[in-house]
Structures are given as C-alpha cells and as structure tokens.
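The values are calculated or read from the model by the stated rules, or taken from the named source; none is laboratory data. It should be emphasised that the depicted structure is a prediction, and the values quoted were computed from it without experimental measurement. All Cβ positions, glycine included, derive from the backbone under ideal geometry; neighbour counts span all protein chains shown.
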Amino acid sequence: MPLNKLYQSLRGPGGIKPMMEIAFPLMVATSTEAMLMFIDRLYLKQISPEAMNACLSGGFTSLAFIAFFIGIISFSTALVAQFFGAGEYEKCPKVLTQSVIFTCLSIPIVLTLIPVGRWVLATVGLSGEEVVQAQTYLTILMAGTGLDLFRNSFNSYFGGLGKTRVVLLSTFVMAIANIGANYVLIFGKLGFPALGIEGAGYGTVFAWFTGVVTLCVVYFKQIQLPEYQLLQSFQLDLGILKKLVRFGFATGLELALLIFALDLTILAFQSYGVSVSTAMTVVFTWIQTLFIPVIGLEIGTMSLVGRFVGARDPDSASDSVFSGLFLASGYALIVSLAFLLATDAMLGIFLEPSISAEIWDLATWGTQLNAFILFIIAWSTILIGALRGAGDTYGVMTISATFWWFQYALVIVLIHQFELPPTIVFGIHIFSSPLLLFAMIGRFRSGGWRKLELTG
C-alpha cells in the first residue's frame, strides 16, 4: 500500500483514533486479566514449583473444555456491532439475551465434562503431585464456569457497542477481588485456612462473580435508553439465537481446537520432567501476560469491522484492519525488546538464583526466541479478528484449527519419535508460525469478507 494511502487510512473513520477509543480499554482490561493469572502463579510459586506448574496446566485444560462455549458467546461482539452499524439498535440487547440463554443451556454440559478434564490431566505424563493439584484447580474453575460465561456475554455486548470502558471497569473490580481473595485463601489470612491451589481456584471464581455483578449494574442503569428497548429485549428470539449459534459455532470450535492444541503442546513439553516443565511454565506465563493486550486490539478490530460491514462500508472496515495492524506492530516491537533486553529480570521473578543452569538456560532460550515471532503472531491475530467481525468464521476456523493442530502434531513427533531436546523442539515450533500469517493474508486479500452481512 502506498504511504499516502496508508496515511489516509489511518486518519479515516476506521483509523487509529476510533480504533484506540475502542481497543485501548480492552487492551488494559485483557492485560489486567493476564496479570491476574500472572499473580496467581507468583503466589503459588511460594508454595511449590509443582503448584505453579499445576496452575498453568489445570487452567489451560479447563479453558480448553469451555472454549467452545466462550467462542460462540464472544461472537456476539460481531453480531452486536453489525446491528449497531446497520442502525438496528433495538436488536443489540436481544443479542445479549440470546447469549445469556445459550449460557444457561451450556452450564449443565460443562459440568458433565469435569471428569473428562480430570482424566486428560491424569493421562498426559505430569508428575503425581502436579496431576493432583491440576485436577483440583480444574474442578473448581469448571464448576464455577457459568459465572465466566455470563461475564463473557456482557463483555461481548458492550464490546460490540464500542462501550469498552464498561469492560475495563468490571475487569478492575474483578482484579481487586481476585488479588485479595487469592492472597487470603492461598496463604490462609484473616482466619481462613491456607488452601494453596484450591484457594487460587476459589478466588478466581469469586472474582468472576464480582465481574458479573458489576456488568449487570451498568447494564440495568441503561434501562431508560429508548433506542435500545431494553425491557422488550428479555425474550427468546429464535432468529438471532440461530445466527449466534450458526456463525458462532465456527468461532467456538476454532477456539476450542486452538486451546486444546495449545494445552496439549504445553503438556507435551511438561512430559520432559519437572525441570523442563518449570522452564516452560515461566516462558508461557510471560508470553501469555505480555501478548494478551493484542487480544484487546483483535476485539477492537472485530468490533469496528463488524460495525462498518453492517453499515455496508467495506472500505472503512479495511482501514480499521490497517489501523489494528499498525498498532499491533508498535506493541509487538515494545514486547520484543523487553524479551531480548530484560530476560534475566523477567525470569528472576519466577526462578530463584539457585535454580539449575538447565532450567535457567531453557527459560532464557524460550523467552528470547519468542521475540522474533511476536510480529507474526500479532498480525495473524488482527487478521483473524477482522475476518470474524465480517462474519467469515468458518474460513478462519478451517485455517486456524489446521495450523494449531499441525503445530501440536509436529511437537509430538519431534519429542516422541525423534527424541529431540526441548530447545530444538521449541525452536521448530516457534518458527512454523509464519504459515498461519500467510494463510490469513491470503484469506483477507481474497475479499470474500466484503460481501458478508449478518443483519439481513
């Protein structure tokens, strides 16, 4: 793209300013959520390395089992955005109602999957103590997952409207509750017993509850807004529910397959033993913590693209994609420099100075290696959000799921068939990432997304 055209794109209706108005609160909110997981592991590190590792494996496995439902619910962001862009404001809260109905139907299914999740953790080669603690953490999170699904329903609604400061507010409330509750319950303060990883699970569920309460309070304060007809929205709308499930199904399946593949990849590295498991836990924790703000940009891109597609303005939708890519590049540059220049300081937060050279060297290798592919992952993430916002969920699912499971299969073959050391396996895993970017660029440039609409 010529520089003058790029400049105009960044200044237009889909430019940097409207993108930041929506995306910045989401970036802060997602950063805050990532920080909660970071602090949980920091707390549990003081209990034992096994507890810290179990928090990662149990948390990811739990997420894998609810990711399908989260994916369907999160698609309501695009649906709300397109109705908003089309001027059909009264349908926006109806999307939320259908999302809540879907959540209520999902909870019993999630509860029946708890034994399956425990079985997965017991069969992937973790150490005995890690298995027990990971199973405990998973059970508590999945039992309380209904609260997280309700929270995602409201977050997606406000995100689709562009009212992302509401999401930020609820996340701050949740963060305060989580940090406080986890400290009290993990270490046994204020008269409570020291529950260790159980306390981390209960603290997280409590935080979800506070987030839901905050979102509900804000939502019902808008009851007098006539354009949204909130009181009339509390009813089953099969047409909207079918759209949510039809288009969201692909997003849900993609997210579930992605998380499962990532979870199994992490567990595959943990099968090397506690030393490698500890190093990989630190690496993945930092990647998760520092990369998550890009998810805020992805949701912002999804919201803007959906709004412009609903308004039948694909050119502005395309501009919003370039704005997202531009901002993601700047953020990826900052994080990459942090990975390269502050490696020892970052690792020192989780690893004791007396830790073995094997663990330290592996964690250093994994952290610095990621600095070279953050741009690729960030660009891929923005393009995925753009295509989802337009409604191209099945195309994204096919490409993304194929890539992530290819990566997992590659890791399994390299570990168990070729018996390669973890440094080489992780390097090959990382440098296969451009394949996803090339596929997403091709999908976006094909232009099929321009012809899609969800409001008709």
Return yes when residue 58 is of a type outside the set (D, E, K, R) and not in a helix (DSSP H, G or I) and no when it is not.
-> no
So, first residue within 19 Å of residue 25 (Cβ to Cβ) in the range 324-338, second residue part of a helix (DSSP H, G or I) and of a type in the set (Asp, Glu), Cβ within less than 9 Å, six or more apart or across chains; the pairs are 324/298; 328/298
Scan the range 19-76 for residues that are crowded, with 24+ Cβ neighbours inside 10 Å, farther than 24 Å from residue 278 by Cα and over 14 Å from the mean Cα position of the chain (by Cα) and report the count.
-> 4
Do any helices (runs of 4 or more DSSP H) entirely within the range 276-363 hold 3 or more residues that are buried (at least 22 other Cβ atoms within 10 Å of the Cβ), and if so, which?
-> 293-310, 314-341
Within the bounds of the range 265-274, is there any residue that is among the aromatic types (Phe, Trp, Tyr) and assigned to a loop (DSSP other than H, G, I, E, B)?
-> yes
Quick one: how many residues across the range 13-53 are under 18 Å from residue 359 (Cα atoms) and either of a type in the set (Ser, Thr, Tyr) or not in a helix (DSSP H, G or I) (or both)?
-> 2
Tally time: how many residues in the range 364-412 are outside any helix (DSSP H, G or I) and surrounded by fewer than 20 Cβ atoms within 10 Å (Cβ to Cβ)?
-> 3
For residue 423, which of the numbered conditions (1) out of contact with any Phe, Trp or Tyr (no Cβ under 6 Å at 6 or more places or on another chain); (2) at pLDDT below 90; (3) closer than 27 Å to residue 280 by Cβ; (4) surrounded by 13 or more Cβ atoms within 10 Å (Cβ to Cβ) fails to hold?
-> (1)
When the residues of the range 109-166 are filtered to those that are hydrophobic (A, V, I, L, M, F, W, C) and more than 30 Å from residue 298 (Cβ to Cβ), which remaining residue is surrounded by the most Cβ atoms within 10 Å (Cβ to Cβ)?
-> 126
With the checklist (1) farther than 29 Å from residue 382 by Cβ; (2) at pLDDT 90 or above in hand, flag the one item residue 331 doesn't pass.
-> (1)
Expected output for the range 198-216 (first residue closer than 16 Å to residue 47 by Cα, partner buried (at least 19 other Cβ atoms within 10 Å of the Cβ) and aromatic (Phe, Trp, Tyr), Cβ below 9 Å, 6+ apart or cross-chain) is 198/137; 199/43; 200/43; 200/137; 201/137
Filter the range 393-420 for residues that are closer than 20 Å to residue 253 by Cα, of a type in the set (Val, Ile, Thr) and in contact with a Phe, Trp or Tyr (Cβ under 9 Å, 6 or more places away or on another chain) and give the result.
-> 393
Counting only residues that are surrounded by fewer than 24 Cβ atoms within 10 Å (Cβ to Cβ) and in a helix (DSSP H, G or I), which one in the range 186-210 is nearest to the chain's Cα centre (by Cα)?
-> 208
Only one of 236, 264 is aliphatic (A, V, I, L, M), in contact (Cβ under 8 Å) with a residue 40 or more places away in the chain and over 30 Å from residue 420 (Cα atoms), namely 236
